[in-house]
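The values are calculated or read from the model by the stated rules, or taken from the named source; none is laboratory data. In this text, all values refer to a predicted model and were calculated from it rather than measured experimentally. For neighbour counting, all protein chains shown are included, and Cβ atoms are generated from backbone atoms with ideal geometry for every residue, glycine included. The area values use the complete protein model at the heavy-atom level, side chains included, leaving out ligands, DNA and RNA. Shrake-Rupley method; radii C 1.70, N 1.55, O 1.52, S 1.80 Å.
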Amino acid sequence: DIPSGTRVKIGSAVVSLTYLCEPCKKIAHLIKPAKLLYQRGYLARVVSEGHISLGDPALVSSMSVDEAIPHDLPARIAWFLSKSNKPLTCAEIVDGIGLSRSYCRAIPAIVRKSPIIDSSMVKSNSLKNR
């Protein structure tokens, strides 16, 4: 229930919640990854380093909030591309939004199908023959 962009202090470290992690395909033999969608927790960015010990409470800051990053994949791609001043390859996109390189094959179809993604910001050689 904590929104993206929220800062959390754990021990003496502070992290900023970015977006909810995608289900890992490596657990597919245990459970369907789709069942875990938006349930794996946040990827967080370190705002200030510190020491974290087992059992330290996570204290949510109501005063420090960073820009929210969309959880929805097409919206996250559009958000990431809006931060760039040049077209990016599919590899640069998946690396930048925290996905595994196996998603590179899916990016061209997502770009083509989504009206909110500026396809001119994806290097054209990444979209050919897909």
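Subtracting the Cα-Cα distance of residue 106 and residue 118 from 0.36 nm times their residue separation leaves 2.7 nm of extension gain. Residues of the range 44-66 with an amide N closer than 18 Å to a point placed 7 Å from the Cα of residue 1 along the Cα-to-Cβ direction: 58-63.
For the chain, the Kirkwood estimate of the hydrodynamic radius, built from every pair of different alpha carbons, is 16.4 Å. Think of a 1.4 Å ball rolled over the protein heavy atoms: the chain then has 64 Å² of accessible area per residue.
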